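Here's a structure for you.
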Amino acid sequence: MTPVIQIADIANYDGQTVTIRGWLYNSTHKGKLIFLQIRDGTGIVQCVLFQREAPPEIFEAALNLTQESSLTVTGLARADERAPGIPGKFEIGVKDLHVIQLAEPYPIQPKEHGIEFLMDHRHLWVRSSRQWAILRVRATIIKTIRDWLDAHGYLLVDTPIISPAAGEETTTLFGIDYFGAQAYLAQTGQLYNEANIAAFGKVYCFGPTFRAEKSKTRRHLSEFWMCEPEMAFFTLEDLMAMEEAFISYIIQTTLQERREELEMIGRDVTRLQNVTPPFPRISYDDALDLLKQRREETDDPEQKALLEMTWGTDFGSPHETAIAESFDKPVFVYHYPSAAKAFYMTPVEGRPEVCRSVDLLAPEGYGEITGGSERIFDVELLEQRVAEIGLPREAYAWYLDLRRFGGVPHAGFGLGLERMVAWVCGLSHIREAVPYPRTLTRLYP
RNA sequence: UCCUCAGUAGCUCAAUAGGCAGAGCAACCGGCUGUUAACCGGUGGGUUCUAGGUUCAAGUCCUAGCUGAGGAGCCA
C-alpha cells in the first residue's frame, strides 16, 4: 500500500511512491507527454506522464480528463525545479490513475471572467487558486483573533442571533416571524456582551450579524461576521491600547502564517508590516481640521465637493479615506458627536455634545474596521437616552437592569471580519472576503 | 433611494456614419517528449436582455421595463 498524502506535504516524500486524491485543476499535453495539475485542497501538484512509460489505458485516461474531474493518482514523488504548483518544485511521475468522476465541461476557465458570472458560480469559484488563498487567509485571521483574546483573559460567550429588540434602528434589521411574534436577526451582540461582563469580566462574541441596509458598495454585506470584545472597568484609553495590540497581532501573525497565500494573491505587504503599536490618535475635531486642510490642498473640484463636511455628522467614505491616507498606520478617531453615534455611548464630561467613542480607520481606503465606545452605566442617563430616541422601554428593561445590579464603567468595540480580510488581502471588494456573500442583489448560491 | 455606465456565441469582447453578426478562449477532431492561462491546423456554436416604436433596412436610433457593475448616502 502506498501512503495517501496531502500535496502540501509532498516535500517529505521525495523519491517515494505516493497516492494523492483530488481534482484536475488544469492540464496540457505535448504529443507523447501529458502534464496534469491536480489539487487536493492543500495544494496543487504537477503530475507527468510519458507515453513510452505509462500503460496505454492510463495514458488514454489522462488524455481524456476534463477540468475538475475527480481522480486518484499514484506515482513517484520527485523534486523538479520546473514543476509549478503549490508548494511547487515537486512533481509526481504517474504510475496509476483512477478517474472517480469525469467532469462535464467546466464553466470557469483559467482566464478573465466578469464578476456576475463568477458570483453566479461562487460554489465552483472557491476552487480557484486566488479565492482558495483568500479563504485560507480568512481562516487564519479568525484563528488569530480568537488566539489573542483567549490568551489575554477574554471569554468567548455566545450571543443570540434571533433577538427581540433592535440594538439601533429597525430600518436596518431583518425581521423574522418568531412563532407569530416579531423578531429580528441580530446586528450586534453588544447588549448581551454588556450583561456577560458582569459575570465574566472580559468577554467577546464572534459570529454572523445581519444588516438590511440598502448599501451597494465595496465595503458592505448584508451578512457579515463581527468580533465584539466588551470589558468591565475599561476606559476609552484602555480600549485604544487594547485594540492596537490586538489588531497588530492579527496582522503580523497572519503575515507570518500566510506568506505564500498573500504572495499568490499578489498583495504588497509593505504597508502591513508597519502595523505595530502605537497607532496615531486624533479627535473628531482635529480630523475635521485635517479634512479642511486636505480640501484646500486638492485642485480636483469633484474631490473638493466630496470632502465637504460640517461638524456633527459622521464621516463618509471619502472622508475616512482622506483621513487614513494622512497616516502610515491605522488611525484612531475619538470623541465623535453624540448625535451621530449610538444612544448608549458615554458623553464626555463637560462637553456632552461629543461622546467617548473611537473608530479605527485602516489605511489604503479600507475605512472603518472597528467602532467602539465607553458605554453609559448611569441608569438615569441611559433611561433618558432611551426615551429621547423613542426606543420601546419594555424591550430594553433587561438592559437597563444591568445598571441597577452592579453597574460599572465599561467599554467595547466591534471588529468587522470581512473588512479585516479585505484589508489584509488587498481586495478591491469585500464580497471576495467571505465564502458565500450576501449582498443587496445576491442571495444565490 | 439617487447619479453614471453596461447587457451580442459557454466565457471575454468586437461590429466604421443605421446596410450580409465576428475574433480569441472553451468544447470537439488531428499534430507535437518539459508544459506553466502552451503552441499549430481543422469543425460545430447566435431569440444581439425584454416589450413596443421610427425606418426600405435596427446589435446600432427613440420610449418603457428588467438585470448587473461603479460611485454616493448609511455603516463594521
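The values are calculated or read from the model by the stated rules, or taken from the named source; none is laboratory data. Only a predicted model underlies this, so the values are computations on that prediction, with no experimental measurement involved. A quick note on method: Cβ atoms are made from the backbone with ideal geometry, for glycine too, and the neighbour counts reach across all protein chains shown. The area values use the complete protein model at the heavy-atom level, side chains included, leaving out ligands, DNA and RNA. Shrake-Rupley method; radii C 1.70, N 1.55, O 1.52, S 1.80 Å.
If we only count strands (runs of 3 or more DSSP E) wholly inside segment A:1-71, which ones have 1 or more residues that are touching a Lys or Arg at 6+ places or on another chain (Cβ under 6 Å)?
A:17-30
Turning to a different aspect of this structure: Would you check if there is a residue in segment A:362-371 being more than 12 Å from RNA strand B (Cβ to nearest atom), open to solvent by 40 Å² or more (accessible area, probe 1.4 Å) and touching a residue at least 24 places away in the same chain (Cβ under 8 Å)?
The answer is yes, given that some residue of segment A:362-371 is more than 12 Å from RNA strand B (Cβ to nearest atom), open to solvent by 40 Å² or more (accessible area, probe 1.4 Å) and touching a residue at least 24 places away in the same chain (Cβ under 8 Å).
How many residues does segment A:378-424 contain that are under 18 Å from A:Ala232 (Cβ atoms), touching a residue at least 40 places away in the same chain (Cβ under 8 Å) and not β-branched (Val, Ile, Thr)?
The total comes to 11.
Filter segment A:72-102 for residues that are more than 17 Å from A:His29 (Cβ to Cβ) and in a loop (DSSP other than H, G, I, E, B) and give the result.
Of everything in segment A:72-102, those that are more than 17 Å from A:His29 (Cβ to Cβ) and in a loop (DSSP other than H, G, I, E, B) turn out to be A:Asp80, A:Glu81, A:Pro87, A:Gly88, A:Lys89.
For segment A:245-261, enumerate the residues that are surrounded by fewer than 21 Cβ atoms within 10 Å (Cβ to Cβ) and either touching a Pro at 6+ places or on another chain (Cβ under 8 Å) or at pLDDT below 95 (or both).
If the condition is that a residue be surrounded by fewer than 21 Cβ atoms within 10 Å (Cβ to Cβ) and either touching a Pro at 6+ places or on another chain (Cβ under 8 Å) or at pLDDT below 95 (or both), then A:Ala245, A:Ser248, A:Arg259, A:Glu260 are the ones that fit.
Another question, if that's okay. What is the residue count in segment A:248-274 for residues that are closer than 19 Å to A:Ile134 by Cβ and either assigned to a loop (DSSP other than H, G, I, E, B) or of a type in the set (A, V, I, L, M, F, W, C) (or both)?
12
Hey, does segment A:292-300 have a residue that's on the phi < 0 side of the Ramachandran plot, of a type in the set (Lys, Arg) and within 27 Å of the chain's Cα centre (by Cα)?
Looking through segment A:292-300, none of the residues is on the phi < 0 side of the Ramachandran plot, of a type in the set (Lys, Arg) and within 27 Å of the chain's Cα centre (by Cα).
Pick from A:Phe174, A:Phe210: which is without any contact (Cβ under 8 Å) to a residue 60 or more places away in the chain and either on the phi > 0 side of the Ramachandran plot or over 20 Å from the mean Cα position of the chain (by Cα) (or both)?
Selected residue: A:Phe174, the only one of A:Phe174, A:Phe210 that is without any contact (Cβ under 8 Å) to a residue 60 or more places away in the chain and either on the phi > 0 side of the Ramachandran plot or over 20 Å from the mean Cα position of the chain (by Cα) (or both).
Starting from residues that are touching a Ser or Thr at 6+ places or on another chain (Cβ under 9 Å) and more than 8 Å from RNA strand B (Cβ to nearest atom), keep the ones in segment A:109-142 and report whichever is farthest from A:Ala77 (Cα to Cα).
A:Ile141
Would you mind stating whether A:Thr188 is within 16 Å of A:Arg419 (Cβ to Cβ), touching a residue at least 12 places away in the same chain (Cβ under 8 Å) and either more than 23 Å from the chain's Cα centre (by Cα) or within 16 Å of RNA strand B (Cβ to nearest atom) (or both)?
yes
Something else: For segment A:302-358, how many residues are in contact with a strand residue (DSSP E or B) (Cβ under 8 Å, 6 or more places away or on another chain) and not in a loop (DSSP other than H, G, I, E, B)?
So the count comes out to 20.
Please determine, by comparing only the residues of segment A:417-429 that are of a type outside the set (Lys, Arg) and open to solvent by 10 Å² or more (accessible area, probe 1.4 Å), which one is nearest to A:Phe343 (Cα to Cα).
Once the filter is applied, the top-ranked residue is A:His429.
Report those helices (runs of 4 or more DSSP H) wholly inside segment A:111-210 carrying at least 1 residues which are surrounded by fewer than 16 Cβ atoms within 10 Å (Cβ to Cβ) and β-branched (Val, Ile, Thr).
A:115-120
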